[in-house]
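Nothing in this text is a laboratory measurement; each read-out follows from the coordinates by a stated rule. If you're wondering where the values come from, they're calculated on a predicted model, not measured in any experiment. Cβ coordinates were reconstructed from backbone atoms using ideal geometry, including for glycine residues, and neighbour counts include every protein chain displayed.
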Amino acid sequence: MADTYDVIVIGSGPGGYVAAIRAAQLGMKVACVDKRESPGGTCLNIGCIPSKALLQSSEKFEETNHALAAHGIKVGKVEFDLPTMMSRKDKVVSDNTKGVEFLFRKNKVTFVKGTATFKSKDTLAIAGLDGKASEIKASKAIIIATGSDIMSLPGLAIDEKTIVSSTGALSLASVPKHLVVVGGGYIGLEMGSVWRRLGSQVTVVEFLDRITPTMDQEVGKALQQSLVKQGFTFRLGTKVTGAKKTKDGISLTLEAAAGGKAEELACDVVLVSVGRRPFTDNLGLEAVGITLEKGRIPVDANYATSVPGIYAIGDVIAGPMLAHKASEEGEVLAELLAGQRPQVDYDAIPAVIYTHPEVGSVGKTEEELKAAKVEYRVGKFPFSANGRARANNDIEGFVKIIADKATDRVLGVHIIGADAGTMIAEATLGMEFGATAEDIARTCHAHPTLNEAVKEAALAVAGHPIHI
């Protein structure tokens, strides 16, 4: 006889484990199923967390080599130990996944290790990692939170050795002499930064005519210029049409995106980073009558699918594929199932690129507002005029605030600079509460801090920044 729970969550990533824990806190009997041995999904195991660990390690190496002398700190020959760096990354991952396991135990969430397939709308067949088959049943809800998977390109067969995905790029055994990143999005730029700092020549090949196409264009251009100064090479408006292995590595065939004469580009490692796709493989959705739309699971405003009792959140539904977006949806859905009435403000979902400089953004871009024919005003402030940035010798970038011309309500904030990912939280909170640019401008900011640049950009919306 199948074990019965109030709620079963399929997937233990940032959406799934948050939904499971919150539902348990609200008094429900909960099970969370995952095909991995450890919880945390892509984010904790092979995504956000390990990549940030390597970004920090590589940034420390870069700083030691190139920035400490300006502070009067003299060092001798600096070397790095890649196996130790990787070991630290693995420990960071392990500590985080063990933390989720602890939270499951603390909140009495049953963690089921195996692959779940719908047998009916309230019953899942589980192929356990231990080889045993079982069934579990939900009396209230089954939540699909299976996340996303890497996308591949025709002619670039990923082997995780010389042609790698983001997963393979986190565990290379040696530093590539020449790394080619196919795709100019967040993940490729972050992993390219790691290996560039450790000594790789990095070339980014992007089909479109600019990197990070969903970002505010002015910020995207500034990021590209910064990365070029750091040693990146960009091949924009270019497509990869094939790859062949050579005795020295890989030979890629490139063409202009609009078509043209082919050329060869030699490298020793290729990182395929062209986006992610919703992961719904082998769930058995067709057996319960759920039909995908453009690869995603259609849901209503309360995350309910077309089948009563089955819900979906995170990367498998519409919206940006961001861990924190999935977490917000998981928490809100659990509370909806408990009879509460929360909601997610999708206009206040921040996004961050963890390069150096970092990029943080929330809300609308100028391009989106122009397309929607919304009248707006812009205020900008450079970090070169910020006292703390100068003290830190990190003056690259700026804060850009876009506000409605008639109401002054903040519509979007875009930051490029050190700690932009932290500073964007202030802007996100402001937008969540419907702040105007004047609200931010009249908020007292501690001195000296980088966040003062946010205040100054808000002042600039009205045309009167004080410190420039």
Any chance you could check the Cα centroid distance between the stretch 405-464 and the stretch 21-88 for me, in angstrom?
29
Calculated from DSSP helices alone, with each H run of at least 4 adding -39500 (n - 2.57) and the total divided by the residues of the chain, [θ]222 nm to the nearest 500 comes to -9500 deg cm²/dmol
Would you mind computing Rg(Cα) / (2.2 N^0.38 Å) for the stretch 348-461, counting N as its residues?
0.98
For Glu432, net neighbour charge (Lys/Arg +1, Asp/Glu -1) across residues whose Cβ lies under 13 Å away
-4
In terms of the charge dipole of the stretch 348-461, which places +1 on Lys and Arg and -1 on Asp and Glu at the beta carbon, the residue among Ala371, Leu429, Asn392 farthest towards the positive end is Ala371
Out of Ile163, Leu208, Ala256, whose Cα points farthest toward the positive end of the dipole of the chain (charges: +1 Lys, Arg; -1 Asp, Glu; placed on Cβ)?
Ile163
For Ile317, residues with placed amide H under 5 Å, excluding near neighbours
Ile297
Evaluate the stretch 163-274: find the radius of gyration of its Cα atoms, find its Kirkwood radius, and give the ratio Rg to Rh.
0.95
For the stretch 350-395, just the Cα set please: Rg and Dmax, both in angstrom.
14.2, 41
Grab the other residues whose beta carbon is less than 12 angstrom from that of Glu135, score K and R as +1, D and E as -1, and report the net.
+1
Straight-line reach from Lys161: which aspartates and glutamates have Cα under 12 Å away, leaving out those fewer than 8 places along the same chain?
Asp268
Only helices at least 24 Å long along their own axis, judged from Cα atoms, and with Kyte-Doolittle mean hydropathy of -1.0 or greater: name those in the chain from DSSP H.
48-66, 82-106
Tell me, what HN-Hα J-couplings in whole Hz come from the Karplus equation 6.51 cos²θ - 1.76 cosθ + 1.60 at θ = phi - 60° for each residue of the stretch 108-125, using x for Gly and Pro?
6, 8, 7, 9, 9, 9, x, 9, 9, 9, 5, 9, 8, 5, 10, 10, 10, 8
Viscosity 0.890 mPa s, temperature 25 °C: give me the Stokes-Einstein translational D for the stretch 1-68 in µm²/s, with Rh taken as the Kirkwood radius over C-alpha pairs.
172
How about the chain: what cysteines have no other cysteine beta carbon under 4.7 Å from their own?
Cys32, Cys267, Cys444
Give me Rg/Rg_expected for the stretch 273-322, where Rg uses Cα atoms only and Rg_expected = 2.2 N^0.38 Å with N residues.
1.13
Per the 1/(1 + (r/R0)^6) rule, R0 = 41 Å and r from the Cβ atoms of Ala266 and Thr407, FRET efficiency to 0.05 is 0.15
For 437-449, 115-127, 366-378, ranked highest to lowest by mean beta-carbon neighbours within 10 Å, the order is 115-127, 437-449, 366-378
So, for the Cα atoms of the chain, Rg and Dmax in Å stand at 23.6, 72
From the mean inverse distance of alpha carbon pairs (Kirkwood) and the Cα radius of gyration, derive Rg over Rh for the stretch 222-369.
1.08
With +1 on the Cβ of every Lys and Arg and -1 on the Cβ of every Asp and Glu, the dipole magnitude of the chain about its Cα centre, in debye rounded to the nearest 20, is 640
Once amide hydrogens are built 1.01 Å from N within the peptide plane, the residues lying 5 or more places from Thr436 or on another chain with amide H under 5 Å from its amide H are Val410
Across bins of 10 angstrom width beginning at 0, how are the C-alpha pair distances of the stretch 394-458 distributed, in whole percent?
22, 59, 18, 1
